[in-house]
Amino acid sequence: MRSKAAKRYDGGLWILEKLAFRDLRKKVLPKAGGRVLEVGIGTGVNLPHYREVEFVAGIDIRTDLMKGIDPDRISPPVLSCCANAHALPFSGRSFDTVVSTLVFCSVAEVHIALAEIRRILKPGGRLLMMEHVRGRTGFSRRFTDWMHPLWFAVQGECHLNRETESSLREAGFRIRSASTHGRGIILVIEAEIT
């Protein structure tokens, strides 16, 4: 049974899902292949969009959001557990693809989480991300910078103006492709280890 937190979370994103996120998920997630780790699996909204994968291991720090993911009703096979991106409970080089959607805005220590992702990715593995970031246009950059202090004070963990693409490069990832959406606030990235 879905928790109240999961219903509230999905309800809060309903309009954004309808306007943009669902279509972006349909473009990003079929690129995942083999053994997949989804960082921040949340309510499982990405699961119906995977295609050619062996299985999905999903982690999240919020067990209340993961309630309601029924692994028996989903293909591919799914294993979900409570874990933090700062200390992934998997051996090195064990995943072909890592996916994160709307997660890295809330990761406390981005460089630690990216180092962990590098550790568990196989050589030639891919990192697929759909994240909201610091705006990429003049207006959206000013807007996200201006809104960030208020938003963070109210919300407590989500950073509106993260520079995710720069963080990836600093962590040793090569950006294979990047595209902006939502007036430069949403960034879709495909990266690999350099």
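The values are calculated or read from the model by the stated rules, or taken from the named source; none is laboratory data. This is a predicted model, so every value here is computed, not measured. Here Cβ is always computed from backbone atoms with ideal geometry, including for glycine, and neighbour counts include all displayed protein chains.
Test Phe143 against the stated conditions and say whether it is over 16 Å from the mean Cα position of the chain (by Cα), crowded, with 16+ Cβ neighbours inside 10 Å and aromatic (Phe, Trp, Tyr).
yes
Out of all the residues in the range 6-17, is one or more modelled with pLDDT of 85 or more and aromatic (Phe, Trp, Tyr)?
No: zero hits.
Restricting attention to the range 109-156, and to residues there that are of a type in the set (Gly, Ala, Ser) and in contact (Cβ under 8 Å) with a residue 24 or more places away in the chain, which single residue is nearest to Gly172 (Cα to Cα)?
Result: Ala115.
Does the range 155-162 contain any residue that is part of a strand (DSSP E or B) and modelled with pLDDT of 95 or more?
No, the range 155-162 contains no residue that is part of a strand (DSSP E or B) and modelled with pLDDT of 95 or more.
The rows are residues; the columns are (1) among the polar types (S, T, N, Q); (2) modelled with pLDDT under 95; (3) out of contact with any His (no Cβ under 7 Å at 6 or more places or on another chain).
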position	(1), (2), (3)
Asp23	no, yes, yes
Arg62	no, yes, yes
Cys81	no, yes, yes
Gly92	no, no, yes
Ser100	yes, no, yes
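Output the residue which, of all residues in the range 169-189 that are touching a residue at least 12 places away in the same chain (Cβ under 8 Å) and over 21 Å from Glu17 (Cα atoms), is surrounded by the fewest Cβ atoms within 10 Å (Cβ to Cβ).
Ser177
For every residue, the table says whether it meets (1) among the hydroxyl-bearing types (Ser, Thr, Tyr); (2) closer than 28 Å to Glu52 by Cβ; (3) touching a Phe, Trp or Tyr at 6+ places or on another chain (Cβ under 6 Å); (4) surrounded by fewer than 21 Cβ atoms within 10 Å (Cβ to Cβ).
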position: Phe90; (1), (2), (3), (4): no, yes, no, yes
position: Arg93; (1), (2), (3), (4): no, yes, no, yes
position: Asp96; (1), (2), (3), (4): no, yes, no, yes
position: Thr101; (1), (2), (3), (4): yes, yes, no, no
position: Arg119; (1), (2), (3), (4): no, yes, no, yes
position: Ser167; (1), (2), (3), (4): yes, no, no, yes
position: Ala191; (1), (2), (3), (4): no, yes, yes, no
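So, in the range 91-103, how many residues would count as being farther than 24 Å from Lys7 by Cβ and in a loop (DSSP other than H, G, I, E, B)?
Looking only at that region, the number is 4.
With surrounded by 22 or more Cβ atoms within 10 Å (Cβ to Cβ), touching a Cys at 6+ places or on another chain (Cβ under 9 Å) and small (Gly, Ala, Ser) as the only criterion, which of Ala57, Ala32 stands out?
Checking each option against the conditions leaves just Ala57.
Tell me the strands (runs of 3 or more DSSP E) entirely within the range 1-90 that contain at least 2 residues that are closer than 21 Å to Val110 by Cα, β-branched (Val, Ile, Thr) and in contact (Cβ under 8 Å) with a residue 60 or more places away in the chain.
Because the criterion is at least 2 residues that are closer than 21 Å to Val110 by Cα, β-branched (Val, Ile, Thr) and in contact (Cβ under 8 Å) with a residue 60 or more places away in the chain, the strands (runs of 3 or more DSSP E) in the range 1-90 that meet it are 34-39.
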